[in-house]
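Below is one structure, written out as structure tokens; comments come after it.
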């Protein structure tokens, strides 16, 4: 046993002595050689620090110590670079205080010299040692709330009389938890009452009596629990029952006395921080027969109203505005129910009154109308949702903000329950017209200049106008007899040789339905027709088209807007035009600016091929200008106002190219009155267009 003890002492001394000693440059004090080096490293045990005290330093001096240098690092991080010559006093005052490790940390020292020195330098020498770290004095975060005791390699905390260390071994607290179950009366107070209560208290008292009884608490007038200047509880008293928590209580005003808990089981919690000299609280508890509380459930009122209710009494619970009864997890439209007070002091049945949930609104799946920052949980009474349109080519029609109302419906600020709509931005081309060409030999349109213009190639060439992302309007005679699903339209182009290659930029649109105005007389050959009254038709697309700078809708005019003589507008199309002294089908989209003629001039109609004068009705108007007119194969195309070169907008679809005298005759005679085309007056059909679209979309 003696040999073993001696061996342990020697091993301990040997291990400890490894952390005491000298560190010096090679050849010290005779001087170090070129290319000399030294690497040294030591670590302090737990609860200790390691320090180096240099007593001599004589190295070659250089800028930033780039030639010869001593470098000291703490836990791998450089803390000091030294070179040149330092006196002992300077080393003691400015260098050595920095060469200390953290508790349990490691110091590393490296030395190097370069290839030559002009004169001999003796080098450096230092003494390293380990010291105990005094956590109580040097570590303000040691965690001891009362007393701190340092020992070699560590420290421990202790407490004043009446306190004990908590499980964290640093916090001093008091034993203030107690189970008082079975007692029908008694007293509970804060620790050390009536003196100042202990810091870091975490008290819990359990009270439990017979189920038919309830506990009532009678607080003393002296109540002093620490509170912040803004009214927040620093220390706090809480009273917890199965139905909820009362409190927290703090400040100088005691809870109402007597405080009825309406429960036979109560838990009292009191907590304090590490500061303060407040007195605390004291109360006497006792029992009485259970009564039911005046509030059955939150967000409701009861009828009749009383401060308390005795067993056997019934009341009617009415949910507050915007709330409904939740019966067995299902919210019903009912807002009231009848309940009875039982001898146990509870209401049966007891259904919560929960906020009405309007749910997410029903919006189209096309993604155009969308919720801003939608959250499935923000759909209850008084919650708000906001809408916007996902594309700049649409604008929101209606209010953008809706509130979940007391009726369980989303209601806008203007009282609307219908969701808003995203309607296309119409009649606003991104590229403006700058010229005034003629369809008969006129100048070509630039791509995007007339983005609502659509081309129909088969079975007969004509035009159409895009009015929204699912519909176009054209002349009835262009699509008469065409199978509904066989028609193709082309958009986003100016060259008339449209292709089915959808990757070329041309938008190929398949039809789904063709609706000709019921007032249009169908089945007549061109030779036998003497009237083009109601020459208008709608085309519904098989799928929604995506708007872009080259494909945008035209606006519909106001009903009964009226036309004025000489009102200027623009016509466009891929119809016949002049070429090599003859009429040819235009390869590019052309347009011309023309004016509306007087009623008298319009009534002077040409004759049909059978020699009968063509009829003119109030559903038409005529327009033209010298050398400017629509022509064959322009039928169904748009007459828009104001004219494109005016620079103003939006533009409206005033007319649809319908009929007129042969273009060749107009060119041959060269007279102004012969350049006259007849157009379907769209303002007379706006209601029919909207009603027809709504009927189809809602069917």
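Observations on the structure shown:
- Filtered residue count, the range 452-468, keeping only those that are surrounded by 22 or more Cβ atoms within 10 Å (Cβ to Cβ) and either modelled with pLDDT under 95 or in a strand (DSSP E or B) (or both): 9
- Total residues in the range 373-395, condition within 30 Å of residue 546 (Cα to Cα) and either over 20 Å from the mean Cα position of the chain (by Cα) or assigned by TED's automatic domain parsing to the domain that holds residue 552 (or both): 3
- Selection within the range 277-298 - surrounded by fewer than 16 Cβ atoms within 10 Å (Cβ to Cβ) and touching a residue at least 40 places away in the same chain (Cβ under 8 Å): 277, 286, 288, 289, 298
- A count restricted to the range 303-326 and to residues that are assigned to a strand (DSSP E or B) and either without any contact (Cβ under 8 Å) to a residue 24 or more places away in the chain or within 23 Å of residue 212 (Cα to Cα) (or both) stands at 7.
- Unmet requirement for residue 363, which otherwise passes all of (1) touching a strand residue (DSSP E or B) at 6+ places or on another chain (Cβ under 6 Å); (2) part of a loop (DSSP other than H, G, I, E, B); (3) free of Cβ contacts under 8 Å to residues at least 24 places away in the same chain: (3)
- Test for residue 343: is it closer than 30 Å to residue 430 by Cα, outside the structural domain of residue 262 (by TED's automatic domain parsing) and assigned to a loop (DSSP other than H, G, I, E, B): no
- Residue under evaluation residue 284, criteria (1) more than 48 Å from the chain's Cα centre (by Cα); (2) under 19 Å from residue 193 (Cβ atoms); (3) in a loop (DSSP other than H, G, I, E, B), criterion not met: (3)
- Conditions (1) closer than 21 Å to residue 264 by Cβ; (2) assigned to a strand (DSSP E or B); (3) at pLDDT below 95: number failed by residue 354: (1)
- Scanning the range 106-119 for residues that are out of contact with any strand residue (DSSP E or B) (no Cβ under 6 Å at 6 or more places or on another chain) and modelled with pLDDT of 90 or more yields 113, 114.
- Taking the range 168-179 as the range and being surrounded by 13 or more Cβ atoms within 10 Å (Cβ to Cβ), free of Cβ contacts under 8 Å to residues at least 60 places away in the same chain and farther than 19 Å from residue 158 by Cβ as the test, the residues that pass are 177, 178.
- Any hit, the range 684-699, residues being within 24 Å of residue 461 (Cβ to Cβ) and at pLDDT 95 or above: yes
- Filter result for the condition that a residue is closer than 27 Å to residue 29 by Cβ and buried (at least 18 other Cβ atoms within 10 Å of the Cβ), over 91, 98, 78: 91
- Residues in the range 382-414 that are within 23 Å of residue 425 (Cβ to Cβ) and assigned to a strand (DSSP E or B): 11 in all.
- When each of 443, 483 is tested for being over 44 Å from the mean Cα position of the chain (by Cα), surrounded by fewer than 18 Cβ atoms within 10 Å (Cβ to Cβ) and modelled with pLDDT of 90 or more, the lone residue that passes is 483.
- Looking only at the range 332-360, residues that are touching a residue at least 24 places away in the same chain (Cβ under 8 Å), more than 20 Å from residue 409 (Cβ to Cβ) and surrounded by 12 or more Cβ atoms within 10 Å (Cβ to Cβ) come to 12 in all.
- Any hit, the range 486-503, residues being assigned to a loop (DSSP other than H, G, I, E, B), over 17 Å from residue 462 (Cα atoms) and without any contact (Cβ under 8 Å) to a residue 40 or more places away in the chain: yes
- The strands (runs of 3 or more DSSP E) found wholly in the range 35-154 and carrying at least 3 residues that are more than 24 Å from residue 170 (Cα to Cα) occupy 37-43, 48-58, 69-74, 77-82, 106-112, 123-132.
Residues are listed down the side, and each one gets a yes or a no for (1) within 25 Å of residue 170 (Cβ to Cβ); (2) free of Cβ contacts under 8 Å to residues at least 24 places away in the same chain:
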{"residue": "199", "(1), (2)": "yes, no"}
{"residue": "217", "(1), (2)": "no, no"}
{"residue": "221", "(1), (2)": "no, no"}
{"residue": "231", "(1), (2)": "no, yes"}
{"residue": "235", "(1), (2)": "yes, no"}
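- Candidate set: the range 168-177, residues that are closer than 20 Å to residue 205 by Cα and assigned to a loop (DSSP other than H, G, I, E, B); chosen: the one modelled with the lowest pLDDT: 175
- Check on residue 293, more than 30 Å from residue 146 (Cα to Cα) and at pLDDT below 90: yes
- Pairing residues of the range 547-566 that are under 22 Å from residue 451 (Cβ atoms) with residues that are at pLDDT below 90, at Cβ distances under 6 Å and at least 6 apart in sequence or on separate chains, gives 549/430.
- Residue 145 being surrounded by 18 or more Cβ atoms within 10 Å (Cβ to Cβ) and either modelled with pLDDT under 95 or farther than 23 Å from residue 44 by Cβ (or both): yes
- Qualifying residue in the range 369-376 (condition: under 22 Å from residue 314 (Cα atoms) and in a strand (DSSP E or B)): no
- Some residue of the range 379-393 being farther than 30 Å from residue 336 by Cβ and in contact (Cβ under 8 Å) with a residue 60 or more places away in the chain: yes
- Considering (1) surrounded by 14 or more Cβ atoms within 10 Å (Cβ to Cβ); (2) more than 25 Å from residue 263 (Cα to Cα), the lone condition that residue 202 does not fulfil carries the number (2).
- Subset of the range 644-683 (residues that are at pLDDT below 90, closer than 23 Å to residue 451 by Cβ and not in a helix (DSSP H, G or I)): 647, 648, 649
The values are calculated or read from the model by the stated rules, or taken from the named source; none is laboratory data. Everything numeric in this text was worked out from a predicted model, so none of it was measured. Cβ atoms come from the backbone with ideal geometry, glycine included; neighbour counts cover every protein chain shown.
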